[in-house]
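The values are calculated or read from the model by the stated rules, or taken from the named source; none is laboratory data. Bear in mind that the values here come from a model prediction, so they are computed numbers and not experimental data. Positions of Cβ are generated from backbone atoms using ideal geometry, with glycine treated the same way; all protein chains shown enter the neighbour counts.
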Amino acid sequence: MDNLKALRKTVFFISFPLSFIGFLFPVYAYFSGISVVEVGFMYSAFTLFAIIIRPVVGLFIDKKGRKPGIVLGIAFYCLVNMLFLLGDDFQHLMAARIFQGIASTFLWVSINTAVSDLSHGGNRSETFGILDESINKGDLTGVILGFNLVMFFKGSFKPAFLLYLTTGFISLYCALTGLKETKDLKPCSREEAVRTSRDFNVFLILMGLFAFAFSLTDHTYLIYIADNITDELQLMAYLFFPGAVLSLFLPKRFGMLSDKYGREKILVASIIANGILCIVLPAVKSYRYFLAVHTIMSIFSILKSPAESGLVMDIVGENQRGKNYGKYKFAIGIGGMLGPVAGGYIYENLGSEAGFHIKGIMAVLLCLFAVCYFNRIRQKGHIIKEDTQY
């Protein structure tokens, strides 16, 4: 429990710049004259460098431990904030995105694996939900402070990035002094890995396809809002505020729901709901109704996150957790890299609404396959839910 508290404090401080950078980057690039396709390539550059090292990171943390992976991830995030602080030209932004991909891989693969070390089948999604709440609290605090600093200093972003560099160093201190190694908390079984390897490979393909579908509109979403709903930055920010508030207390509760009723059921239900809403979304032109639909989609996304995170370990079991989390991140990274490029092409050639329709239809169809897949491995006993607390 002390280790989980230290982990929550670590991710709280490192999460300060996540939404600020994520929200700002596509809008800044777009209004600076960069095309939608070029923005998509910049997103893909982040993902490309992330996926290249994901299998290596998984092997590294299985051999060296979760704590070294977390510390390296935070150190790279500090470098990212330093690059944003030093310059705002294309070269600095591209370098920052590349190192952000490396940082993201080291940090989140290591943290996901550490959470699996600290949890068991009966509380895994709840534990991921608890961590999600800490991430979201840091994220919301950081974006509020960041935007206020930008307004106070009349449009200068350097004070915000100086703040994020400071909180990055605080997170690094928390990780170095508070975290204990979790690698050897559970026994491993080679037979378990062999028994579930084929099912896990199918799971990786399925999750990669889901990542491709949902990333089709990732980098065009704010551009779509600016073109079709509102181009006022303040009103655009308000769209995300209800979901951000809900994310402060819903993840743990939704995680408990997943633990109780089945993570695969909650995962499929949340994706189907979001897929249907994606199909409907382009028909909504009023700001007020768009806000309502966006908030509902945010709730289903919050529902999905702890269920998906816990489900990975249910399927792979306890053997080589870092390596297999690395494979999972690699699979969704491939989908996440190809999606923005395809989404940018669709946006410019088929229209701003087509990406949402394709995304929603793909999500629903993939869920039909997912239901058959989860039923089959459930019958084979290959979804593992150990009940022993460690």
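So that you can scan it fast, the table gives a plain yes or no per residue for (1) over 27 Å from residue 267 (Cβ atoms); (2) of a type outside the set (Phe, Trp, Tyr); (3) crowded, with 21+ Cβ neighbours inside 10 Å; (4) in contact with a helix residue (DSSP H, G or I) (Cβ under 8 Å, 6 or more places away or on another chain):
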{"site": "66", "(1), (2), (3), (4)": "no, yes, yes, yes"}
{"site": "84", "(1), (2), (3), (4)": "yes, no, yes, yes"}
{"site": "91", "(1), (2), (3), (4)": "yes, yes, no, no"}
{"site": "95", "(1), (2), (3), (4)": "yes, yes, no, yes"}
{"site": "106", "(1), (2), (3), (4)": "no, no, yes, yes"}
{"site": "125", "(1), (2), (3), (4)": "no, yes, yes, yes"}
{"site": "132", "(1), (2), (3), (4)": "no, yes, yes, yes"}
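Could you check, for the stretch 282-293, whether at least one of its residues is basic (Lys, Arg), crowded, with 23+ Cβ neighbours inside 10 Å and out of contact with any Pro (no Cβ under 6 Å at 6 or more places or on another chain)? No, the conditions are met nowhere in the stretch 282-293. Name the single residue that is surrounded by the most Cβ atoms within 10 Å (Cβ to Cβ) among those in the stretch 197-254 being over 19 Å from the mean Cα position of the chain (by Cα) and in a loop (DSSP other than H, G, I, E, B). Across the stretch 197-254, the extreme among qualifying residues is 229. Helices (runs of 4 or more DSSP H) fully within the stretch 280-390 that include at least 2 residues being under 18 Å from residue 224 (Cβ atoms) and at pLDDT below 90: 321-349.
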